[in-house]
Structure formats: structure tokens, C-alpha cells
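This report concerns only the one structure given below.
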Amino acid sequence: MGYGVGILLISPTGEHVPVSIKLDFNVTNNAAEYEAYLLGLRSALDLGVKKLLGPEDSSLVINQVGGSWKIKSQILAPYQTRIEEFEKYFEDIRYVHLPREENQFSDALSKLADQINILEHIDSMPICLKRRSSPAYVNTIDDTEDGETEPWYTAILKFKETGE
């Protein structure tokens, strides 16, 4: 259904910011890796990040951005230029190779983006991922609290019915 990229920004305090983008244009796998990398840089800048440790699961991107390998592809060269423009806004940026098996969340985000058909008039679809340790029925609100004879919503119901 298309192409997708995903990134996961993690703050020093452990807060997670997942980002998943659907690409509505044809890209190679290598170009998609660069799209993800640029998305990460842009998202970090938008959040005001000045120091970035950039884990990346693409050896190609790490080595080309780090200067170890030359970019030979005309398709990838503009990405390098844009990355250099973004890097100027950071005080410190370091690249670290992250094995793909340790990057499952970003992979899941990219799969989510390429599998979902986003309607034309919608630009974004926020998602919320949470962990639960008990079934939903355990967390429901009882009608009465301990020691009370009437349900908790009695006063609200009375106000709605009588205005009192």
C-alpha cells in the first residue's frame, strides 16, 4: 500500500516519542533509510534537541553520513546535503550503529505507516501505545465506593434532572 518510515526518539529521562510517516512516492530501500534519518533529525529539532545520539540500523547511512563511505548514487546525494544543513543546528551529534534486532519499535512504526491507507484529507493520525498489566474489566469504576450507599454519580444525575 506504499512505503513507510518510522523513528523512535527517546529523551534522557526515558520519554518515548514515536513517529511514523507514510511516503506517497516511490523510494528505494536506501532512500527510505535516509528519509527515516532525516525524519529523526527534523523531529529532534522540532522538539528543541541540541545534543543527539543518533542510533541507526543502516550501516549505509552511518558510514556515508559519517564520511567513511562516499555517496556514489545521484539519488542519495541530495539527502547528504540536507543532513548537513540540519546538523548545523545541533551542538553535538554522534552516530551509533544499532543492530536491526534492537530496533524493532522503529521497524514496527515503518510497517504501520506502509500498511495503513490514510485518507486524502487527513495529514496525521495520532496513536497512543500503552502497556496494561491487568484486564480492562479490573479497572472499571464501581458504582459505589466503600462505605457509601449511593453511587458516585448521584449528585451529577440530580443536577442534570433538577438543576439542583
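Candidates in region 75-108 are the residues that are within 13 Å of Val65 (Cβ to Cβ) and of a type in the set (Ser, Thr, Tyr); of these, the one that is surrounded by the most Cβ atoms within 10 Å (Cβ to Cβ) is Tyr79. Return a yes/no flag: does region 55-66 have any residue that is within 27 Å of Lys130 (Cβ to Cβ) and in contact with a Lys or Arg (Cβ under 7 Å, 6 or more places away or on another chain). Yes: region 55-66 contains one or more residues that are within 27 Å of Lys130 (Cβ to Cβ) and in contact with a Lys or Arg (Cβ under 7 Å, 6 or more places away or on another chain). Could you list all residues from region 56-92 that are of a type in the set (Lys, Arg), part of a loop (DSSP other than H, G, I, E, B) and within 15 Å of Leu38 (Cα to Cα)? Result: Lys88, single match. Out of the residues in region 138-164 that are part of a loop (DSSP other than H, G, I, E, B) and surrounded by 10 or more Cβ atoms within 10 Å (Cβ to Cβ), which is modelled with the lowest pLDDT? Step by step, filter region 138-164, then rank; the result is Thr144.
Based on this model, can you work out whether Glu120 counts as acidic (Asp, Glu) and either in contact (Cβ under 8 Å) with a residue 60 or more places away in the chain or part of a helix (DSSP H, G or I) (or both)? Criteria not met by Glu120. Within region 37-64, the residues that satisfy the criterion of being among the polar types (S, T, N, Q) and surrounded by fewer than 19 Cβ atoms within 10 Å (Cβ to Cβ) are Ser43, Ser59, Asn63.
The values are calculated or read from the model by the stated rules, or taken from the named source; none is laboratory data. Quick caveat, the model's predicted, so the values are computed rather than measured. Counting neighbours? That spans all protein chains shown, and the Cβs are built from the backbone with ideal geometry, glycine included.
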